[in-house]
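See below for the structure under consideration.
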Amino acid sequence: MVGVKKKMVTLVSSDGVEFVVEKRVAEQSLFIKNALNEGGVEEKVMIPIPKVTSDTLSSVLEYCEKHASATEFQENEIEEWDKEYIEKADLDLLYYLLQASYSMSIMGLMELGAKKVASLIRGKSPQEIRELFNIKNDFTPEQEEEIRREMQWNYE
Amino acid sequence: MPMDSLLCDELLQEIIQRLPPSSSSSVSLVSKRWLSILRRTTTSLSLPVPNPNPSPSSSPSFSSILSHYPFLSSLTIESNPDDVFRDPPPSADSILLTIAQSGCAPRLTHLRLPLIASISPSALLFSSSFTHLTALHLSCILPLCFRWLTSFPSLKSLSVIQPTNNPFEDSDSPDSPDEDSELVVPLPLETLSLTGIRASDSGLSWLWRRCSNLRKLQLRFCDGTGDGPSSPSFPHCLPGLQSLELRICRRIANRVLLRAADHCTSLTSFTLYDGANRLALHHFITRRGAGLHSLDLRLPLDLDDNHILAIAASHNNLTTLRLKSCCLVTGDGLRSLAGAAIEELALVNCDVVEREPGLLSFLGQSMPMLRSVDLSYNDMVADKEVIAMLISCRALTDIRLRGCERLTDASVFAMIKSFGTRLEFVDLARCPGITIEAIEILVSSACKLREIHVEENKVSVASQSFIWQRGIQVVSSFLD
């Protein structure tokens, strides 16, 4: 395929920023892949990505770029890369990435993000988790007591 | 910014599913939304025996707790030794019926009720909502009867543990004697594990006649196979068996072995712990030896070289041979297995290992397929013997040397040199001659190591960091 021009697509973030990327990179997202298949149009496609801002989208595309060429890397190399990638995302970006991975159907990114958030929750008290997620406690003390009793029972 | 609202239920579910069970209690108390998602993602639950008459204010009832978990597929009711002293004692029947009536019953695939209280066949018969249950674990059915199995159309695996000190010594037969006229519809059961069965248990005949689909049978601490001392229906379950296990069943070992020799035409795996005389063993091996892939024998006092020679002579397909405390077997017997395709060899506490210099080396050289070797509890075996074997076993991935008290670091170094990069499992517990430094070199160089059994005080700080890095499992509590 040397000399053949790479097929490009244009993605538009929710705040109107355009990203021109290779088709094979964009197709890491099943949502985009399906959209391209349905459209049948190969060139100069504009695909709006609702609910995903330009900051988030550029980070998502960084992930897609790496994974589109994943076959060129050793398995542990891509694992190492994933680890660093998700490590450098701050809490806000992490949520936005999760949300984007869900709406754009990027399974690998969703798993990566979910694992990271789970690791933040692990070992924390209910109050610490609420603070981390900015959640309001909507239990009455009586309800809390009841749940506590139920949870004394072992989970496997 | 309320981050919680950014995550839809599906995403929150993905996150909660990735948490260890220890986080469940924290997650449950975060908010109503988190609690309901936690309950929805729970598929496996382990609960204590519920209080028969809970005071309404203090704790939620058993049935209301079950109703919170509509997607359960596996449920265990954990018994507790204190349950015996409860007043009134817990009723296994009412627990079973409560589960049967709960919304999760049709979805359950695994149910374990290792209860102290006994369960009645009629309660089981009425539990007809377990339509997808594939595995059931019960203790103490009184009176012992299996006709209720017709209410469990998907059951593939059944385990029943009868108490050895059964107070109802002469329980009446719940089976009508005229069962010959009854149509025999085979049960879907493929795996059956029975503990504590006696010759006088009469409900077994009905079961054996319907076990034509059985692939795996385990009998433990059984004095009989029910149905009277001669147990005429028992052989009905044998033709399809691929795996037969007899543990501590001395009184029936000979009879079962002879029946198995005649009827178990599909058998590939046989385990015998204790019991069986020379003749029965010999008859069994000559009839079934050729089909066996796995043979595991512990303390059959009469096992000698002739039996091993019979295996070698039977065009054997053995890939696993495990001998424990077989004191009559000598090098002559074991040498006859040379060239065999054995992948797993255990000679645990076998005098021959210490008595015959050069034997281990011979076995190592003549069994090129060996992947797993267990020489545990040969407390007098010397480095020289073990090293001579290890240097020729280049395919080894698993090695167990527990309780080989005379071994020193030299054996560990030979292991590293010969197959260190392939090693996945190693047991060096109770080897006082092996030092903390040798363990350190082992874990640092064995890059595929998954699991090591060794005392905690032999794991240095440097070893610990390798163990963390590579996710190696360390087992430091030894029960036996």
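What follows is calculated from the coordinates using simple rules that are stated; it is not laboratory data. Everything quoted here is computed from the prediction, not taken from an experiment. Positions of Cβ are generated from backbone atoms using ideal geometry, with glycine treated the same way; all protein chains shown enter the neighbour counts.
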For residue B:290 and residue B:469, compute 0.36 nm times the residue count separating them, minus their Cα-Cα distance, and round to one decimal in nm. 59.9 nm
If the cut-off is 12 Å between C-alpha atoms, which aspartates and glutamates fall inside it for residue B:156, apart from same-chain ones fewer than 8 positions away? B:190
Partner shielding of A:128-137, as the mean number of partner chain Cβ atoms within 10 Å, equals 5
10 Å Cβ neighbours from other chains, averaged over peptide B:26-39: 6
Averaged over B:8-20, how many beta carbons belonging to a partner chain fall within 10 Å of each residue's beta carbon? 5
What translational diffusion coefficient, to the nearest whole µm²/s, does chain B have by Stokes-Einstein, given a Kirkwood radius computed over alpha-carbon pairs, a temperature of 10 °C and 1.306 mPa s viscosity? 62
Greater than 22 Å apart at Cα, pairs in A:23/A:115; A:88/A:116; A:66/A:116; A:7/A:33; A:6/A:51: A:23/A:115; A:6/A:51
Taking residue B:417 as the anchor, which lysines have their alpha carbon closer than 16 Å to its alpha carbon, excluding any fewer than eight residues away along the same chain? B:384, B:448
What size of dipole, in debye to the nearest 20, comes out for segment A:8-151 about its Cα centre when the only charges are +1 on Lys and Arg C-beta atoms and -1 on Asp and Glu C-beta atoms? 200
Name the residues whose placed amide hydrogens come within less than 5 Å of the amide hydrogen of residue B:193, ignoring near sequence neighbours (fewer than 5 apart) on the same chain. B:158, B:159, B:160, B:218
P(r), alpha carbons of chain A - 5 Å bins starting at zero, rounded %: 2, 8, 14, 17, 16, 12, 10, 7, 6, 4, 3, 1, 0, 0, 0
Among B:75, B:134, B:50, whose Cα projects farthest towards the positive end of the dipole of the protein assembly as shown, with charges put on the beta-carbon of Lys, Arg (+1) and Asp, Glu (-1)? B:134
So what is the relative contact order for chain B, in percent, with contacts set as C-alpha pairs under 8 Å and at least six apart? 5
For A:46-56, B:394-404, ranked highest to lowest by mean beta-carbon neighbours within 10 Å, the order is B:394-404, A:46-56
Which of B:18, B:450 comes first, and how do the rest follow, when ranked by fewest Cβ neighbours within 10 Å? B:450, B:18
Positive-end residue of B:144, B:457, B:368, charge dipole of chain B with Cβ unit charges: B:368
Ordering of B:265-275, B:138-148 by burial proxy (mean other Cβ atoms within 10 Å per residue, highest first): B:138-148, B:265-275
HN-Hα couplings for segment B:442-448 via Karplus (6.51, -1.76, 1.60; θ = phi - 60°), in whole Hz with x for Gly/Pro, come out as 4, 5, 6, 9, 7, 6, 9
Counting other Cβ atoms within 10 Å, which chymotrypsin sites (Phe, Trp or Tyr not before Pro) in segment A:70-123 have at most 11 and lie in a DSSP loop? none
At 222 nm, what value in deg cm²/dmol follows for the protein assembly as shown if DSSP H runs of at least 4 each add -39500 (n - 2.57) and the sum is divided by all its residues, to the nearest 500? -10500 deg cm²/dmol
